[in-house]
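Here's the structure we're looking at; comments come further down.
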Amino acid sequence: MSTESIVLTAVQDASRSWSAIVHGWITTVDHKRIGILYIVLALVFLVIGGMEATILRIQLIVPHNHFVSPQFFNQMFTMHGTTMIFFVAMPILFGFGNYLIPLMIGARDMAFPRVNAWSFWLTAFGGMLLYFSFIGGYGLYGAGAAPDVGWFAYAPLTAPAFSVGHSTDFWTLGLLVSGIGSIGAAVNFVATILCMRCPGMSLGRMPLLVWLNLVMGSMVLFVISPLTAAQIMLAVDRFLGGHFFDTQAGGSAVLWMHFFWIFGHPEVYVLVIPAFAFISEIVPVFSRKPIFGYPIMVAATVGIGFVSFGVWAHHMFTVGMNSYANSFFALTTMVVGVPTGIKIFNWIGTMWGGQLQFKTPLLFCIGFLFQFLIAGLTGIMLACTPFNWQLSGSYFVVAHFHYVIVGAILFALFGAFYYWFPKMSGRMYNETLGKLHFWLFVIGFHLTFDFMHIPGLLGMPRRIYTYEPGRGWELWNLICTIGVFFQGIAVLIFVANLVRSWFVGKLVGNDPWDAWTLEWSTSSPPPEYNFAEIPVVSSRRPLWDLKHPEDPDLDV
Amino acid sequence: MRQARNFHPLQAALPSTTGKRYVALAVLSLLVWPVLTFASESPAIPNIFRPASTPADEIHTISRFTLMITALIFAVVFSLLVYVVFRFRRTAATGDVEPPQVYGSNQIELAWTVIPVLIVLVLFLATARVIHSVQDAPRPTGALEVTAVGHQYWWEFRYPSLGIVTANELHIPVSDPASPSPTFLKLLSADTDHSFWVPLLAGKTDLIPNRANSMWMDPHQTGLYLGQCAQYCGTQHAKMLLRVYVDSPDKFKAWVASQKQPARTDAVAADGRKIFEQTACVNCHAVAGTVADGQFGPDLTHLMSRDTIASGAASNTHENLKLWIRDPDAVKPGSLMPAMNLNERDLNALVVYLESLR
């Protein structure tokens, strides 16, 4: 394959001045650099969001704790949720997609490189706008406010009567701006995947990661729109005296819930589908087998994509919908379990009969499989409407969605970091530190989020800054908080490992994992133009074909 | 290598015998503790698996069914995963030869599509039955009607048929399964969203402004049932606690009779009453039969019949009453009650008056 390189005399990074390098990164339209910018932005926000979570957990370590004030606690959980969803999970997944999609489909860049840069900077500025609320929340003269309405910002808490000052406005505008960035990125993903594939790469020959990102990109177009609409309506309420959600003037609180959750639930799948994508690339390579049941994996993903738009009101089982609506949304939600189950079985099928190599990326994938299984099963419990009447709004729900977002999505992301780090940096990470990161994080994760289910079953609601002693909640909260420190140390080891390896890691060649997709055919890190010569493929695993001409990949 | 394969994989994973014992001990205690917590009969623990009323009981039944099904799925998939992880490791014996490349199997994939569909069908039907039976339960003529109004950080309870208004502590009669006397709540909100959640009695239902929701319960046993607001409603969401007193029929009748009385007027409290009626207290609080008819705060007509103040945040004692009036933020920072800035003499007199409101 195209291993030769093109000599471009103008792009010699080493000889350029510091300011030129910064200028280069800021003005870049290269999909790989934008991908890395997204990832770095997300990592910065991950550390901030993690610190916010630590503050929450320290406050809850004992009943009637006075570590922070209720106002500050409420700001912290609002900022933690908003940050993690909109400025960590979304950008980090867009970052990987940006970096990998053109490389995996044998293209030289995204379809719209300038839109790509524009989308990134909108996301970045959206995040800054949100955090500016710490300074400008009260309109500058009384600094120190941040939104305290919760990450789903139920009306009428966001109405001018209940949310004075500008903190909610920064929240609204931050999400509005970054939402437009997300739509730009999604348009780019879809256009790139549909139009930029190299010769021979039919839809049926795309790597699963590309397929899943196509589904994700298409979903984002429909997911972000209602959110943006709702944010505009809220801005109209707050600035122009509208009454969409202003209940004191006859507005509807439930309307906001519908708008938010028809964004909010598919959003979960927008986040988890790229995580599925990582698993679907990493598990085959470290099992030395192709993905089991490629067509049904694609079908299941598309199925999840469609069904996920019909489940939003399972977030609203307690708002007093009638029994028919409650039954309908229970059914649709349970139905999501079917394609999701198919996926888990197919990953097991992929490993079955393989030769598993327990490198760090695979360890994280296996962590993902175990934890996603549990997250899915607690999801089934929550889909059962009557059970939900007890569980919703309790710590059980908090444990459930952290199982999805941390136990599944973040684990898959860590796996992806270790798997593609050699490609991005040209160097290998430290395997021992990688494994240490994995085990510490597993311990911390399970200490925190396994035990978090229990206070929920014992009646502990979420979003309370303190709780009464003697309700059987103390021990569980203590254990949850202890787990946070394991996770914190693990993340520090992760960051240290990557930073150190970026500079002094062992140099690797093009293809350290003996993998099969196109990104491994070019140099590590890839040149700006990706491929000196646009590759031509004749199956789903072009590099397998190259390495095993006697047993070529099954062609469809 | 051949020898190593005979070892149980889990055995190899554990460091040493002593280490193993500690690990086993730790795992065991972590397993036993939840069992103890869940088995606890303490009324202070609002455990959803100890239902004391029909709706909570029906939820309990369907949740056990759901737990059983999910536990079964978990056992199957978990075992498969563990088996795969230990069985198919690359060892020196397998070497570098690539395993057979298997691309899929239509039969197997069909099986693991159809089986989940059947499970979903069964679970859905069971769920729909319980939804219907809890939500669409007929309202017997003898049912007690109570209107619950959520306020930022406290509960208002109105008994329209009895002419009673009270706050934070809901009294309802016990219901004999032979001749049920359930309580139906009409749920309203004066400001933001709230949620009524007393886990032992029923699932939660939200109180939403501009919308009337309803829920019901028929407690089978007398006693005090604890809960709290379960929908984030603002700064003091955490201390919007709920107490439901389930009384025997006689006790409930006596409670109703005492609540129907107008406010008492004690001569010793005349001073305090004057202060109460001449300060901003009356803008928010009502005392039946006096000029105080504020609507923003809890009705104080029978304040001393309640065990707690500040929506359960503090017990109703002389010291706490004084502290609450002097500095509400000391008890419940962010509550909407302002500090009254009274001098010590007036404060004492006011507390004497409040303590006369039996």
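Bear in mind that the values in this text are calculations on the coordinates, not laboratory data. Keep in mind the model is a prediction, meaning the values are calculated, not measured. With ideal geometry, Cβ positions are generated from the backbone for all residues, glycine too; neighbour counts draw on all protein chains shown.
Quick look at the numbers
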| quantity | calculated |
| --- | --- |
| Cross-link pairs A:Lys32/A:Lys435; B:Lys186/B:Lys260; B:Lys186/B:Lys322 - those with Cα-Cα distance over 29 Å | B:Lys186/B:Lys322 |
| Debye log10 I(q)/I(0) at q = 0.24, 0.26 Å⁻¹ for region B:267-356, Cα point scatterers | -1.50, -1.78 |
| Cβ-derived FRET efficiency at R0 56 Å, A:His243 paired with B:Met304, nearest 0.05 | 0.85 |
| Nonlocal amide H pairs with B:Thr290, under 5 Å, H built at 1.01 Å | none |
| Loop-resident sites, region B:239-341, for chymotrypsin sites (Phe, Trp or Tyr not before Pro), counting at most 16 other Cβ within 10 Å (DSSP) | B:Phe296 |
| Distant-in-sequence amide H partners of B:Ser335 (H built 1.01 Å from N, under 5 Å) | none |
| Gap separating the Cα centres of region B:136-180 and region A:169-183, nearest whole Å | 44 Å |
| Rel. contact order, % - alpha carbon contacts under 8 angstrom, at least six apart, chain A | 17 percent |
| Inter-centroid distance (Cα atoms) of region A:233-270 relative to region A:350-403, Å | 30 Å |
| Selected from B:Tyr83, B:Tyr159, B:Tyr225 as most flexible by GNM, with chain B as the system and alpha-carbon contacts under 10 Å | B:Tyr83 |
| Chain B: relative contact order as a whole-number percent, Cα under 8 Å and 6+ apart | 15 percent |
| Residues with amide H under 5 Å from that of B:Trp216, placed H, sequence gap 5 or more | B:Leu185 |
| Net charge contributed by nearby residues that have their C-beta within less than 12 Å of A:Ile464 (K/R +1, D/E -1) | +3 |
| HN-Hα J in Hz across region B:145-156 - Karplus 6.51, -1.76, 1.60, θ = phi - 60°, x for Gly and Pro | 9, 10, 9, 9, 10, x, 10, 4, 6, 7, 10, 10 |
| Of B:Arg326, B:Arg158, B:Arg345, the one that fluctuates the most in a GNM where chain B has Cα springs shorter than 10 Å | B:Arg345 |
| Cα point-scatterer Debye curve for region A:224-379, base-10 log of I(q)/I(0) at q = 0.16 Å⁻¹ | -0.91 |
| Alpha-carbon gyration tensor eigenvalues x 5, square-rooted, for region A:27-547, Å | 37, 25, 24 |
| Cα centroid separation, region A:429-501 to region B:268-337 (Å) | 42 Å |
| 222 nm mean residue ellipticity, helices alone, for chain A (DSSP H n ≥ 4; -39,500 (n - 2.57); rounded to 500) | -21500 deg cm²/dmol |
| Chymotrypsin sites (Phe, Trp or Tyr not before Pro) restricted to region B:111-220 and DSSP loop, no more than 11 other C-beta within 10 Å | none |
| Quotient of C-alpha Rg and 2.2 N^0.38 Å, computed over chain B | 1.41 |
| Formal net charge of residues neighbouring B:Leu185 (Cβ-Cβ distance under 15 Å; K, R +1; D, E -1) | +1 |
| Furthest towards positive pole of dipole, A:Phe120, A:Val62, A:Ala161, structure part chain A, Cβ charges | A:Val62 |
| Estimated distance in nm for a label pair at A:Ile135 and B:Leu162, the labels positioned 7 Å out from Cα along Cα-to-Cβ | 5.8 nm |
| Kyte-Doolittle at least 1.6, axis length at least 15 Å by Cα - qualifying DSSP helices, chain A | A:208-240, A:294-307, A:360-383 |
| Computed P(r) (all Cα pairs; the protein assembly as shown; 20 Å bins; percent) | 13, 44, 31, 11, 2, 0 |
